[in-house]
Amino acid sequence: MSWIFGYGRNKDQGPDLSQMGLGVPAGAGGSDDGTPKAPSLTNAERKAMEAYRFDSTALERAAQAARELEKSKHAKDALELSKQQEATRQFEQQAKIKEYEAHIAQMQIEGKRAEAEEKRKLLQEETKQHQARAQYQDQLSRKRYDDQLGQQQRMNEESLKRQEESVAKQEAMRKATIEHEMDLRHKNEMKRVEAELKAKAKIDRENRDLTLEQIRLKAEENRVTVLESIKTAGTVIGSGAQALLTDWNKVLTAAGGLSLLALGVYSAKGATSVTARYIESRLGKPSLVRETSRFSLLEAAKHPIETLKSLKQTEQDALSGVILAPKLEERLRDVAIATKNTKQNKGMYRNILMHGPPGTGKTMFAKKLAKHSGMDYAILTGGDIAPMGRDGVTAVHKVFDWANSSRKGLLLFVDEADAFLRKRSSENISEDLRATLNAFLYRTGEQSQKFMMVLASNTPEQFDWAVNDRLDEMVEFSLPGLEERERLIRQYFQKFVLEPAAEGKRRLKVDNFDYSALCSKMAGMTEGMSGREIAKLGVSWQAAAYASADGVLTEKMVLDKVEDHVRQHRQKVEWQSEQEKKESKSIYHSEKEDSYIPILSKSLEGEEVKIQPNEADKSSQSLKKDDKSSS
């Protein structure tokens, strides 16, 4: 449709001014060759001409197109199409208008937002400025305050300096005054002394003759007295010597008396020393001996009742009251029988080493062995010998001299023997301890008919090789197994709970529960505990009953004490270092624990008691089997 409105015309073609009533301007003639020239107009005239320019050819073409369209059979459709196009263009124009209005509203919103943002930024900037101004003012005030403080400090320092100078001047004046006073006092004292000396010299000069006369008289009297004494003593001694020399009987009598006197003095001294040593070896006991069953007058005077009881005691079984593993009991019984027969047949005693964890019955068996064999026992500890220094040699010799004087035979039990019998090659020991060890080795070099030496140690691997050479038999005391623990628990429950409750005199009663089943259950709970720990467990049961409100020991109280002691035992094991665990062998496992089944009563038939060895017990069991196979 562009041809209707003349869009396709030549743009360079100028407008026809004749139709508008405007002719060709006068100066707008053509050129010399007949072509028209462009009029020379101003810019304003050109703009005015552009405003009135109109192309009529477009209207003519439009009229022609309209006539042709009326003659066409599609004229109505073209009109409807043009109306629709016009309506569409109007809708598009309205949409553009609305879009433009929305854009304008959006622009207004953006403007307000930008204005608010500008206000916010302005407010922030003002806030920052206020803060900076406040900080600056605060810095100024701080600086002024610091300056004031500095000025005040300088003023104080100056004032203090002036005061110090004033005090120093006053002190100097005081010292000068004191020095002046002392000088004056010294001068006055010197003048006084000089006056006194002059007066005394004058008096001495005046009394010189009298003083000389007194001295002369005293010397004369002293000389006469000395001469008379010498004459008297010479006369007496001379007459006595003359009488003695003239009579030979008196001479012989005097010589014999002096000889007898000297002999009596030396004989009394020697006899006293011998008697003291005899009394010490026969009647008393050495200082190293902590406990002994040997009769002593001194101990009998101190404890007469206990001495009488010990004299009335008869021989008893070496393993009575001692609960150990069956194989260990069998071996110790052989040792007890051999020792008793050795004593009866006056044979040579054997030296024994008992080693193992603490609290497994080594000391108890040593005492039982001595009583079973009819011997006396004496208990020493290695911790007493090590600190004695150079006196250790003498103390060791006294102990063996005292042991050799026993008529019944003496079992010499040395507890913690590794304290002074350490290896001389690898251990760093003092010379005094080395000398003590040599004295011990000298006295134990040969078998004896008087005493039997029993050593006890938790770490026998620390012994010197010469000490091991003197041992005839070594016995290992291991921790009690499941069966032994049950026997120990029953024994100590009977001793510390049932027997005191049966007496009725003490504040102790036992509740009604199955003791046998409870003991079997506690045996499984106390795995790894020694006999001493189980004995302390029995004492704790008694203490729990005494601490209760009514004095009644219940099953719960017993189990609580067991759990508490088991927890303490585990804590002690955790505290041990790896070296201590290897040396003391604190965890063992009995060979019979896997096959031993405790007898439960009817009250605990429904209660399941599980006893499973842990990994440490399995490892210790294998070690124990290896040790037994090697032994």
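The values are calculated or read from the model by the stated rules, or taken from the named source; none is laboratory data. It should be emphasised that the depicted structure is a prediction, and the values quoted were computed from it without experimental measurement. Neighbour counts are summed over all protein chains in view; Cβ atoms, including those assigned to glycine, are modelled from backbone coordinates with ideal geometry. Side chains included, ligands, DNA and RNA excluded: accessible areas come from the protein's heavy atoms. Shrake-Rupley method; radii C 1.70, N 1.55, O 1.52, S 1.80 Å.
Structure above, values below:
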item	result
Residue check, Pro304 over 17 Å from Phe451 (Cα atoms), at pLDDT below 85 and loosely packed, with under 15 Cβ neighbours inside 10 Å	yes
Single residue of Met155, Met173, Met190, Met182 found to be under 60 Å from the mean Cα position of the chain (by Cα), farther than 30 Å from Lys250 by Cα and among the hydrophobic types (A, V, I, L, M, F, W, C)	Met155
Verdict on Arg154 being surrounded by 10 or more Cβ atoms within 10 Å (Cβ to Cβ) and assigned to a helix (DSSP H, G or I)	yes
Residue satisfying condition, being basic (Lys, Arg), within 24 Å of Leu369 (Cα to Cα), in contact with a helix residue (DSSP H, G or I) (Cβ under 9 Å, 6 or more places away or on another chain) and touching a residue at least 12 places away in the same chain (Cβ under 8 Å), within set Arg443, Arg424	Arg443
Only listed residue being open to solvent by 40 Å² or more (accessible area, probe 1.4 Å), under 29 Å from Lys362 (Cα atoms) and not small (Gly, Ala, Ser), chosen from Gln568, Gln542	Gln568
The stretch 86-105, residues that are open to solvent by less than 90 Å² (accessible area, probe 1.4 Å) and of a type outside the set (Asp, Glu)	Ala87, Thr88, Ala95, Ile97, Ala102, Ile104, Ala105
Counted residues, the stretch 441-462 - those being under 36 Å from the mean Cα position of the chain (by Cα) and either surrounded by 15 or more Cβ atoms within 10 Å (Cβ to Cβ) or among the aromatic types (Phe, Trp, Tyr) (or both)	7
Residue among Gly383, Gly347, Gly321 that alone is closer than 27 Å to Asp418 by Cα and among the small types (Gly, Ala, Ser)	Gly383
Residue match in the stretch 513-533 (condition: in a loop (DSSP other than H, G, I, E, B), free of Cβ contacts under 8 Å to residues at least 60 places away in the same chain, surrounded by fewer than 20 Cβ atoms within 10 Å (Cβ to Cβ) and not hydrophobic (A, V, I, L, M, F, W, C))	no
Residue that is least open to solvent (accessible area, probe 1.4 Å) [pool: residues in the stretch 463-476 that are acidic (Asp, Glu) and within 17 Å of Tyr349 (Cβ to Cβ)]	Glu473
Residue in the stretch 163-186 that is of a type in the set (A, V, I, L, M) and either open to solvent by 100 Å² or more (accessible area, probe 1.4 Å) or in contact with a Leu (Cβ under 8 Å, 6 or more places away or on another chain) (or both) present	yes
Options Lys218, Lys269: the member that is modelled with pLDDT under 85 and open to solvent by 70 Å² or more (accessible area, probe 1.4 Å)	Lys269
Candidates Asn438, Asn341, filtered to the one that is open to solvent by 10 Å² or more (accessible area, probe 1.4 Å), of a type in the set (S, T, N, Q) and more than 41 Å from the chain's Cα centre (by Cα)	Asn341
Residue among Leu498, Leu508 that is more than 30 Å from Thr292 (Cβ to Cβ) and either free of Cβ contacts under 8 Å to residues at least 24 places away in the same chain or acidic (Asp, Glu) (or both)	Leu498
Residue within the stretch 396-416 that is of a type in the set (D, E, K, R), over 20 Å from Val475 (Cα atoms) and under 36 Å from the mean Cα position of the chain (by Cα) present	no
Lys536 vs. criteria open to solvent by 40 Å² or more (accessible area, probe 1.4 Å), in a helix (DSSP H, G or I) and in contact (Cβ under 8 Å) with a residue 12 or more places away in the chain	yes
Residue check, Glu484 open to solvent by 50 Å² or more (accessible area, probe 1.4 Å) and acidic (Asp, Glu)	no
Residue that is most open to solvent (accessible area, probe 1.4 Å) [pool: residues in the stretch 398-421 that are under 21 Å from Pro357 (Cα atoms) and touching a residue at least 40 places away in the same chain (Cβ under 8 Å)]	Glu416
Only one of Leu123, Leu81, Leu69 that is surrounded by 10 or more Cβ atoms within 10 Å (Cβ to Cβ), at pLDDT 90 or above and in a helix (DSSP H, G or I)	Leu123
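The rows are residues; the columns are (1) open to solvent by less than 40 Å² (accessible area, probe 1.4 Å); (2) in a helix (DSSP H, G or I); (3) charged (D, E, K, R); (4) in contact with a helix residue (DSSP H, G or I) (Cβ under 9 Å, 6 or more places away or on another chain).
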residue	(1), (2), (3), (4)
Gly347	yes, no, no, yes
Pro358	no, no, no, yes
Thr363	no, yes, no, no
Ala366	yes, yes, no, no
Lys371	no, yes, yes, no
Tyr377	yes, no, no, yes
Leu380	yes, no, no, yes
Ile385	yes, yes, no, yes
Val396	yes, yes, no, yes
